[in-house]
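The values are calculated or read from the model by the stated rules, or taken from the named source; none is laboratory data. Keep in mind it's a predicted model, so treat the numbers as computed, not measured. Reconstructed Cβ throughout: ideal geometry from the backbone, glycine too, with neighbour counts over all protein chains shown. To get the accessible areas, we keep the full protein, side chains included, count just its heavy atoms, and leave off ligands, DNA and RNA. Shrake-Rupley method; radii C 1.70, N 1.55, O 1.52, S 1.80 Å.
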Amino acid sequence: MSPENMSGAVVHVALFPNAGMGHLTPFLRLAALLVNRHCRVTLITPQPTVSMAESKLLSRFHSAFPQVTFLPFHIVPIDASTVNTDDPFFIQFEAVRRSCHLLPSLLASVSPPLSAFVCDVTLISPVLPITENLCLPIFILFTSSALMLSLFSYIPRFIPSISGLDFLEIPEVSTIPRSSIPPLLLLPNNVFAQILFEDGPKLPKLCGILVNSFEALESKALDSLNTGKVVKELAPVFPIGPLVPCEFEKNETEEQSSSSPLKWLNDQSPGSVVYVSFGSRLSLAREQVREIGNGLLKTGFKFLWVVKDKKVDKEEEEGLDEVVGTELMERLKSKGLIVKEWVDQSGILSHNAVGGFVSHCGWNSVVEAAWHGVPILGWPQIGDQKLNAEVVEKSGWGTWKKKWGWWGENVVRGEEIGDAIDEMMKNEALKVKAEEMKVAARKAVGGGGSSEIAVQRLIGEWTKMV
Ligand code: UDP
Ligand code: UDP
């Protein structure tokens, strides 16, 4: 049965993600969830995408969900010199923002009428006047932790003095030391800070905020956000996570290839492998990459290591021998599998051979590790990642090394990396907690679970808005 109101109109939701797999993936998982609840979904897709991974995922989603309407949103190219960043994903954030004047004509063709509009957190300011004008309820899908949402909603009041902050005390949530505040927020002229500071004060104007988190993982932050302790009159926060990995994300051809990481994992014993990945958009310095290699030589554990050399996959040119070094590669080969390609992370984390995850703590990776009950050794690099690592450590299923610092601050030596991996892999308490987190994650989205109830409430509200 489709959710519909008394006059028989169905719920129809538009989803509008911004750049990067860390934003697109949770939006597509949300789309799948809504389709499974018989909602109509229109997906507004910024074109061209920054990475190949994004366009491939969109095309797989399109084949799996032909009933979803795709509205390509052709971005007006911008002069990159007018944006204070060299990061291609941030440049795209800004280009999508500046192209939003094209949205009203695009939406004019949408039928049946929309019940709600869910946009990316980086699109609040440009989208808000448009949805207000159309009397269309506006929501965001927040693609990071509830802790980061607390910081995002609370920090704008400190703008004049932000570069001098020693710590940030978020009422009833947490005290964040300066060293964990996303570094770009302390340099307020860059585009990332400008977007957050412009959009943060507008959070109370939204009809709701969807977060890919759940009660058992972040109860304190979620409760404080929803009881007005962080910001009075904040829009209601709907914890609907974990947004569960879906079939359409898998690439069947790659899985069938003989070099597939999943095939290699099949030959390893349970809990014996550490999985090492820094997500979809980080490139580490060559020296740091080689130290990770040295660390993996030192651990007593096998490993599956995903190497990335460039921020954007389209620019990857050099092979593993060049990035890791021929001699080191030779020594590493007998101990583990090293790949330099997109992998099926959910498939890997769900494999029983994997006993731990060295992660940059991008929020999707954290939530996926929770879903599969895998302990984390966090190595946060940029942005919200130290906050996310803190969420993991506080709930007891992972740790992180504060003194390793941000991306580019230090070169962490192999010896230390190897020791930290051994510590994590041998820590039985982390395994027990990770298993508890897995059970809690599944309970949250199951019948009567906290996230399931939040989804029902949300769809119920949208039904009234039809
Ligand atoms: N991912 C993947 N294979 C890869 C690299 C990344 O499936 O080779 C997925 C990962 O599972 C997650 C997303 O890409 O869903 C990355 O998002 P996250 O928030 O963890 O980090 P980001 O890449 O945005 O820094
Ligand atoms: N940076 C980089 N490569 C990376 C990650 C970051 O060159 O893989 C640079 C980035 O361009 C910026 C600086 O490191 O100049 C700080 O990163 P950043 O903190 O982006 O990110 P954020 O706070 O948004 O996540």
Cross-chain or 6+ apart pairs with Cβ under 7 Å, region 178-190 first and within 16 Å of ligand 1 (Cβ to nearest atom), then open to solvent by 10 Å² or more (accessible area, probe 1.4 Å) and aromatic (Phe, Trp, Tyr): 183/406; 184/192
Filter pass, residue 350 being of a type in the set (S, T, N, Q), open to solvent by 30 Å² or more (accessible area, probe 1.4 Å) and at pLDDT 95 or above: yes
The one condition in (1) in a helix (DSSP H, G or I); (2) of a type outside the set (Asp, Glu); (3) out of contact with any helix residue (DSSP H, G or I) (no Cβ under 7 Å at 6 or more places or on another chain) that residue 104 fails to fulfil: (3)
Note down all Cβ pairs under 8 Å where the first residue falls in region 76-90 and is touching a residue at least 12 places away in the same chain (Cβ under 8 Å) and more than 16 Å from ligand 1 (Cβ to nearest atom), the second is open to solvent by 70 Å² or more (accessible area, probe 1.4 Å) and assigned to a helix (DSSP H, G or I), and they're at least six residues apart or on different chains. 76/98; 78/98; 84/194
State the number of residues belonging to region 108-143 that are under 22 Å from residue 210 (Cα atoms), more than 20 Å from the chain's Cα centre (by Cα) and among the aliphatic types (A, V, I, L, M). 8
Taking region 96-124 only, how many residues are among the hydroxyl-bearing types (Ser, Thr, Tyr) and surrounded by fewer than 16 Cβ atoms within 10 Å (Cβ to Cβ)? 3
Of the listed residues (192, 238, 214, 167), the one being farther than 29 Å from residue 356 by Cα, buried (at least 20 other Cβ atoms within 10 Å of the Cβ) and touching a strand residue (DSSP E or B) at 6+ places or on another chain (Cβ under 7 Å) is 238
Residue match in region 402-412 (condition: within 16 Å of ligand 1 (Cβ to nearest atom), under 30 Å from residue 236 (Cα atoms), among the small types (Gly, Ala, Ser) and open to solvent by 10 Å² or more (accessible area, probe 1.4 Å)): no
For residue 197, state whether it is within 16 Å of ligand 1 (Cβ to nearest atom), under 23 Å from the mean Cα position of the chain (by Cα) and aromatic (Phe, Trp, Tyr). no
Among 139, 93, 152, 89, the single one that is hydrophobic (A, V, I, L, M, F, W, C) and either open to solvent by 40 Å² or more (accessible area, probe 1.4 Å) or outside any helix (DSSP H, G or I) (or both) is 139
Does region 319-329 include one or more residues that are among the charged types (D, E, K, R), under 26 Å from the mean Cα position of the chain (by Cα) and either on the phi < 0 side of the Ramachandran plot or crowded, with 19+ Cβ neighbours inside 10 Å (or both)? no
From the residues in region 330-347 that are among the acidic types (Asp, Glu) and near ligand 1 (Cβ under 9 Å from one of its atoms), which one is surrounded by the most Cβ atoms within 10 Å (Cβ to Cβ)? 344
Looking only at region 444-458, count every residue that is open to solvent by less than 20 Å² (accessible area, probe 1.4 Å), in a helix (DSSP H, G or I) and not polar (S, T, N, Q) and tell me the total. 4
Name the pairs whose Cβ atoms lie under 9 Å apart, with the first residue in region 103-126 and more than 18 Å from residue 76 (Cβ to Cβ), the second open to solvent by less than 30 Å² (accessible area, probe 1.4 Å) and among the acidic types (Asp, Glu), and 6 or more positions between them or separate chains? 121/199; 124/199
